[in-house]
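Working notes for the structure below.
The values are calculated or read from the model by the stated rules, or taken from the named source; none is laboratory data. For clarity, every value in this text was computed on a predicted model and none was experimentally measured. Every residue, glycine among them, receives a Cβ derived from its backbone with ideal geometry; neighbour counts consider all protein chains shown.
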Amino acid sequence: MSLKLKIPPVIVMLLCAALMWLIDAWLVIESLKFEINWWLYVVLVLLGFGITFIGVRTFRKQETTTHPQHPKKATALVQSGIYRYTRNPMYLGMLLMLFSGIFYFGNWMTIIVLPFFVWYMNIFQIIPEEQALQQKFGAPYQKYYAEVRRWI
């Protein structure tokens, strides 16, 4: 059974956050003790949430679906706003929120979850979305794909 487009990205992010929590509990290493840990955590969470929110809001302004399990239901190819800089601001925002966990937990080992999140999202969410959008929008999507990066 394929996992492509099966698990909502928010659930994947929450599972990764839980994995970070488990890693922090089980792989105790010397903590990162910076005076600014809490501030970095807050800034990254707010930045990640803000980028995700802007991505969702831009989709809604274009009156297209924000449901990640059904990319074929897209009614518009969104290329404006934040989508001029990244094809996946919602997922980029989630990655930043996960990155903030390193500072929340203060455990460098939690960073190992981030490449897993990127890998999973690329293989099981983003590539299937790209294929669906290519089929739906053709040449305009191909041009957009060539001009704007997947993440940043």
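Annotations for the structure displayed:
- Pick from the range 68-102, criterion part of a helix (DSSP H, G or I) and of a type in the set (F, W, Y), ranking: nearest to L114 (Cα to Cα): F99
- Looking across the range 13-49, the residues that are among the small types (G, A, S) and either at pLDDT below 95 or farther than 25 Å from P128 by Cα (or both) come down to A18, A25, S31.
- Single unsatisfied condition, K33 versus (1) outside any helix (DSSP H, G or I); (2) crowded, with 17+ Cβ neighbours inside 10 Å: (2)
- Evaluation of R150 against (1) of a type in the set (K, R); (2) in a helix (DSSP H, G or I); (3) under 30 Å from W39 (Cα atoms) (one fails), failing number: (2)
- Within the range 75-88, residues that are more than 12 Å from V56 (Cα to Cα) reach no partner that is at pLDDT below 95 and assigned to a helix (DSSP H, G or I) with beta carbons closer than 6 Å at six or more positions or on different chains.
- Residues of the range 38-50 include none that is within 21 Å of Y144 (Cα to Cα) and under 17 Å from the mean Cα position of the chain (by Cα).
- No other residue among L92, L77 is at pLDDT 95 or above, in contact with a Phe, Trp or Tyr (Cβ under 6 Å, 6 or more places away or on another chain) and either farther than 19 Å from L14 by Cα or surrounded by fewer than 14 Cβ atoms within 10 Å (Cβ to Cβ) (or both) apart from L77.
- T58 outside any helix (DSSP H, G or I), of a type outside the set (D, E) and either in contact (Cβ under 8 Å) with a residue 12 or more places away in the chain or under 23 Å from F137 (Cα atoms) (or both): no
- Figure legend. Inter-residue proximity from the range 90-107: first residues farther than 15 Å from Y41 by Cβ and of a type in the set (A, V, I, L, M), second residues modelled with pLDDT under 95 and surrounded by fewer than 22 Cβ atoms within 10 Å (Cβ to Cβ), beta-carbon distance below 7 Å, spacing 6+ or different chains. Indicated pairs: L92/I152.
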